[in-house]
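Student: Let me give you the structure first, and then I'll get to my questions.
Each value in this text was obtained by applying a stated rule to the coordinates, not by laboratory testing. It should be emphasised that the depicted structure is a prediction, and the values quoted were computed from it without experimental measurement. All Cβ positions, glycine included, derive from the backbone under ideal geometry; neighbour counts span all protein chains shown.
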Amino acid sequence: MKSILIIGLGRFGSHLCMDLSKLDNEIMIVDQDESRLEDLLPHVISAKIGDCSNEKVLRSLGVGNFDICFVCIGNNFQSSLEITSQLKELGAKYVVSKANRDIHAKFLLRNGADEVIYPDRDIAEKVAVRFSANQVFDYVELGKGFSIYEIAPLPEWIGHSIKSLDIRAKYHTNIIGVKTDEGMTLMPGPDYVFRREEHLMVIGHQMDIEKIIKKL
């Protein structure tokens, strides 16, 4: 459980608040629009109406007491930049700011953001990957060129074991899980035999996994 400050409650900020609440984090939310706070009140420990580009408002929040401060303002880059900078000056431990463009991300990182996220871009990339290939059911980018894909087994894998196919050596990837209607099996052993109706959780370098996907 972490203590979290969320500034800006548009669609992303609101969804972030709900998801963090489900994971039992202690959350404080701030927005200029009171109506945006109302539906989230049952899920947070504190809510405040205010303009966080005003240093007095930001100072009153005690930002140094939070493990993470999220700046989720997407429609006013100047305010996002000012708030990000002031958070670090006031002693915020870790600041994550939302960006819509690469140039915005560069300025945010130069002015105090410890990390920048691109919700719209990341969702678009995930959807593009999923729907550009047959039998790709999910996708998570890990960074440094590595990803996890949920895919169907190749037709030539059906009825054969991980060991006999020499998956790691031949395809430079690892099978970290097998999903069936009965549930998930993590880290299947070398004698595991692939079946047609299952999904595989495959981890490896993006380029290597893409070679497998092209065969699906």
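Student: If R0 is 25 Å, what FRET efficiency do you get for MET187 and ASN134 from their C-beta distance, rounded to 0.05?
Tutor: Details: r = 26 Å, r/R0 = 1.05.
After rounding to 0.05, the efficiency reads 0.40.
Student: Now a separate question. Rounded to the nearest Å, what's the spacing between the alpha carbon centres of segment 1-50 and segment 190-216? Just the number, please.
Tutor: The distance from the Cα centre of segment 1-50 to that of segment 190-216 comes to 39 Å.
Student: Enumerate the amide H contacts of GLY177 below 5 Å, restricted to partners 5 or more residues apart or on another chain; note that Pro and chain-start residues carry no placed amide H.
Tutor: MET187, MET201
Student: 7 Å from Cα along Cα→Cβ at both LEU216 and LYS2: what's the point-to-point distance in nm?
Tutor: Spacing of the two 7 Å Cα→Cβ label points: 3.0 nm.
Student: In whole Hz and in residue order, list the ³J(HN,Hα) couplings for segment 155-165 that follow from phi through the Karplus curve 6.51 cos²θ - 1.76 cosθ + 1.60, θ = phi - 60°; x for Gly and Pro.
Tutor: x, 6, 7, 4, x, 10, 8, 4, 5, 5, 7
Student: Sort SER80, SER60, SER161 by Cβ crowding within 10 Å, fewest neighbours at the top. Mind dumping the intermediate values first?
Tutor: On the way: SER80 27, SER60 13, SER161 16.
The order, fewest Cβ neighbours first, is SER60, SER161, SER80.
Student: Calculate for the chain the 222 nm mean residue ellipticity that helices alone would give, adding -39,500 (n - 2.57) per DSSP H run of length 4 or more and normalising by residue count, nearest 500 deg cm²/dmol.
Tutor: On the way: 9 runs with 76 residues, N = 216.
Value at 222 nm, helices only, nearest 500: -9500 deg cm²/dmol.
Student: Now, a different point. Using Cβ counts within 10 Å as a stand-in for footprinting exposure, how do ASP67, ASP33 rank, fewest first? Could the numbers behind the result be given before it?
Tutor: On the way: ASP67 14, ASP33 11.
So the residues, fewest neighbours to most, are ASP33, ASP67.
Student: Taking the Cα centre as origin and putting +1 on Lys and Arg beta-carbons and -1 on Asp and Glu beta-carbons, what dipole magnitude results for the chain, to the nearest 20 debye? Don't skip to the answer; put the middle values down first.
Tutor: Numbers: 26 positive and 31 negative charges, 132 e Å.
In debye, rounded to 20, the chain gives about 640.
Student: Oh, and also: Using the reciprocal of the averaged 1/r over all distinct C-alpha pairs, how large is the Kirkwood radius of segment 3-117 in Å?
Tutor: On the way: mean 1/r = 0.0729 Å⁻¹.
Averaging 1/r across every pair of different Cα atoms and inverting gives 13.7 Å.
Student: Give me, ordered by chain and number, the residues 5 or more places off ILE73 or on other chains with an amide H under 5 Å from its own placed amide H.
Tutor: Excluding prolines and chain starts, which carry no amide H, the hits are LYS98.
Student: At q = 0.15 Å⁻¹, what is the log10 ratio I(q)/I(0) for segment 113-171, with the Debye formula run over Cα points and no solvent?
Tutor: -0.62
Student: With r defined as the distance between the Cβ atoms of LYS48 and ARG168 and R0 fixed at 45 Å, what FRET efficiency is calculated, to the nearest 0.05? Don't skip to the answer; put the middle values down first.
Tutor: Numbers: r = 52 Å, r/R0 = 1.16.
It comes to 0.30.
Student: Restricting things to alpha carbons, tell me how big the chain is in terms of Rg and Dmax, in Å.
Tutor: Taking only Cα atoms of the chain, I get Rg and Dmax of 21.9, 66 Å.
Student: Under 19 Å from a label point 7 Å along Cα→Cβ of PHE77: give me every residue in segment 108-125 with its amide N that close.
Tutor: Hits in segment 108-125 for PHE77 at 19 Å: 108-122.
Student: Taking a 22 Å limit on the Cα-Cα distance, which of the listed pairs LYS22/LYS56; LYS170/LYS211; LYS106/LYS211; LYS179/LYS215; LYS126/LYS214 fall beyond it? Working shown, then result.
Tutor: Numbers: LYS22/LYS56 31 Å; LYS170/LYS211 11 Å; LYS106/LYS211 33 Å; LYS179/LYS215 20 Å; LYS126/LYS214 17 Å.
Violating the 22 Å limit, Cα to Cα: LYS22/LYS56; LYS106/LYS211.
Student: Using the alpha-carbon centroid of each, what span in Å lies between segment 113-168 and segment 60-82?
Tutor: 32 Å
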